[in-house]
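Inspection log for the structure reproduced underneath, given as structure tokens.
The values are calculated or read from the model by the stated rules, or taken from the named source; none is laboratory data. The model shown is predicted, which means the values in this text are computed figures rather than measured ones. Cβ coordinates were reconstructed from backbone atoms using ideal geometry, including for glycine residues, and neighbour counts include every protein chain displayed.
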Amino acid sequence: MQIRNKFRHIATAAAVAAMLVAPAQASEDGAGSGSYQDLVSLFAQWRAFEQPPDRDGAPDYTAATFARRHAELKEYQQRLAAINPGSWPIEQQVDYQLVRAEMNGMDFYIRVLQPWARDPAFYTTVWADQSDTPAHEGPTHHHLAELWTYEYPLSQDLEARLTAELSVIPPLLEQARLNLNGNARDLWITGTGSMQKQVDALDALAQKTAGSGKALRQAIRVAREATASFVGWLGQQAPAKDGPSGIGKDNYSWSLRNVHLIPMTWDEEVAVLQSELARAHASLKLEEERNRALPPLPAIATPEEYQVRANEAVTKFIAFLRDRDMFPMRDYMDPALRAQMGEYVPIEMRNFFAIATHYEPLTLYTHFYHWWDLAQMRDDPHESPIRRGALLYNIWDSRAEGMATAMEEFMLHAGLFDDSPRTREIVWIMLAQRAARGLASLYAHANLFDIQQAKAFQVKWTPRGWMRPDLDLLGFEQQLYLRQPGYGSSYVTGKYMLERLMQDYADTLGAEFSLRRYFEDVNRAGMIPVPLIRWQLTGLDDEIRALNKGP
């Protein structure tokens, strides 16, 4: 097998790794010590350290504890910097960069983001639904009650477990009144809404578990009372909150490069998203011109029709990938999609994604690559303990959201919608919406927009009026992206980097390239930042070297 240009930059890999190690920790001659097993051992110790100590039955997020832990974090970073991975295989050097990024993530949270001090939504404990990503989107505290992991009616053991998880809420919210001293108005107002939703979730849980034992019923009642009281306290404090919620361009760029390992600055992400927003709108207009003689797509009109169309869409998608041998097929793929097909929504209640799926369910199901990712992590965990679970601090966002978004357009160009030209229009509408909301989030973090302006921008630049300001989705999205810098843009920048990876991998493999191999090797690399996948698959290190440049 002849592979052109394969690993043509491996000779510089050691230099890249040395460059990314903190200069203060390098020895005079550039030499270092430590084995890959030392890194794995340090990773296990680091993950144990990252868990905060308890305070009165809840995680301790007080200022004094963070000051002490920030100093201790520096010791872990020094231990990591003392390990020189320059002679290791690229796969192991990638793991080194992942550990480094997680430690940088904690440093960034303590120095800049400070969700425990600025963002009331950080204290949400009750989560009814599973995220479609490796971990929760945005900052969460460390002791959550994931209701979707329970089977109802609850067994005695599950009742005891849920009772213990809910018991965290009263002391945590009492501590939150001490910790929340920030002045980020938009985070405060939207976070108050998030906590009110916890009241509603606890009410629903009380009804669902009405026949449970006394201990659980009391835990739910006490947790609800504590949450409702906390919502009232937040409302009392709100008039005094008048500061910005964005973290600023420089902090944003630092987080991109040092935590998410994206070799861009705020300005460079703006340029990418502006280009993609314009391309999506222009492509939509060209599709509309191409299809002007065709009748409009009919929307699904009944629950029964929805179920038929949804099942047909899954069948068509799986067959398309299998029959063309363009994707590494797995047994979990079909059931994973059918479990997420959704249901009929009355027209007046349809948000953006419901509008799209009621015209053609298949458009959004291509984005459900997410559920294949989760199934692979469950059924075929990565051999590296560092990549086996979800990376902390949403470091996986460019891969998870980038691939899900890229898959929509990949499938359009590969021919999935050739028998339904009007469906192609929906794909461009979805890209425009993702670019608009991501661009709005960038402006919000630069404090050029407040959250109302960000929402208005997203509405304006989402075609056909599909982003309605009266439904919860708009507020949810902009709140999330304000809470987690880089997330709103990751859908589009991740897609952009995966497209570049496809270009470079095809160049590396030459005639041996296939879409099946591309997807298989990207999946095998794990849920890690796309630039690290590109380095591992091609040996190209320019993006990794670019991370060392300042904003």
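Here are some notes:
- From the list Ala319, Ala310, the lone residue that is under 22 Å from Leu431 (Cα atoms) and either over 24 Å from the mean Cα position of the chain (by Cα) or at pLDDT below 95 (or both) is Ala310.
- Out of Thr366, Thr357, sole residue that is in contact with an Asp or Glu (Cβ under 8 Å, 6 or more places away or on another chain), crowded, with 21+ Cβ neighbours inside 10 Å and in a helix (DSSP H, G or I): Thr366
- First in segment 117-146 and of a type in the set (D, E, K, R), second anywhere and in a helix (DSSP H, G or I), Cβ under 6 Å, 6 or more apart: Arg118/Leu187; Asp119/Leu187; Asp119/Gly191; Asp119/Arg483; Asp129/Trp148; Asp132/His370; Glu137/Leu480
- Restricting Ile262, Ile300, Ile318 to those that are assigned to a helix (DSSP H, G or I) and surrounded by 13 or more Cβ atoms within 10 Å (Cβ to Cβ) reduces the list to Ile318.
- The condition of being more than 21 Å from the chain's Cα centre (by Cα), within 22 Å of Val94 (Cα to Cα) and surrounded by fewer than 19 Cβ atoms within 10 Å (Cβ to Cβ) holds for only one of Glu348, Glu383, that being Glu383.
- Failed item, numbered, when Gln207 is tested on (1) crowded, with 18+ Cβ neighbours inside 10 Å; (2) assigned to a helix (DSSP H, G or I); (3) not hydroxyl-bearing (Ser, Thr, Tyr): (1)
- Test: residue in segment 375-382 that is free of Cβ contacts under 8 Å to residues at least 24 places away in the same chain, farther than 18 Å from Leu473 by Cβ, aliphatic (A, V, I, L, M) and not in a loop (DSSP other than H, G, I, E, B): no
- Residues that are touching a helix residue (DSSP H, G or I) at 6+ places or on another chain (Cβ under 7 Å) and of a type in the set (S, T, N, Q) were ranked within segment 99-139; the one that is farthest from Ser229 (Cα to Cα) is Asn104.
- On the stretch given as segment 268-297, residues that are under 21 Å from the mean Cα position of the chain (by Cα) and acidic (Asp, Glu) total 3.
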